[in-house]
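The values are calculated or read from the model by the stated rules, or taken from the named source; none is laboratory data. Bear in mind that the values here come from a model prediction, so they are computed numbers and not experimental data. FYI the Cβ positions are ideal-geometry reconstructions off the backbone, even for glycines, and counts take in every protein chain you see.
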Ligand SMILES: [Zn+2]
Ligand SMILES: [Zn+2]
């Protein structure tokens with residue numbers, strides 16, 4: 001079984017294969033910086049370091065049309081994320097704003 005994890009120290013996102021007969025919680029370490037400050041990331045989180053798009057329990061967005069910036073709760077799926085619209089001009093040309101020292105709280 002493969003789970004996706006996130007390092008809160010270097011913002012690395014990585015996959016770990018967990019054996020099915022694991023009887024206790026494995027000691028998890030980030031392969032990039034060897035930190036133990038890792039948490040479970042949503043399976044569709046982007047792989048690789050430096051792609052920290054998690055901002056607590058909210059994501060920050062910027063509208064591509066009117067440049068309005070706002071926050072919404074973390075979407076439950078990529079589809080929900082795609083359906084989101086700018087509260088000001090109602091276009092759906094949104095992008096997530098990268099935040100460097102944020103933690104992922106969403107876990108599913
Ligand atoms: Zn790390
Ligand atoms: Zn807008």
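Scanning segment 52-87 for residues that are surrounded by 15 or more Cβ atoms within 10 Å (Cβ to Cβ), away from ligand 2 (no atom under 14 Å from the Cβ) and not in a strand (DSSP E or B), we see that the one that is modelled with the lowest pLDDT is 52. For segment 28-45, the set of residues classified as assigned to a loop (DSSP other than H, G, I, E, B) and within 12 Å of ligand 1 (Cβ to nearest atom) consists of 28, 29, 30, 31, 32, 33, 34, 35, 36, 37, listed by residue number.
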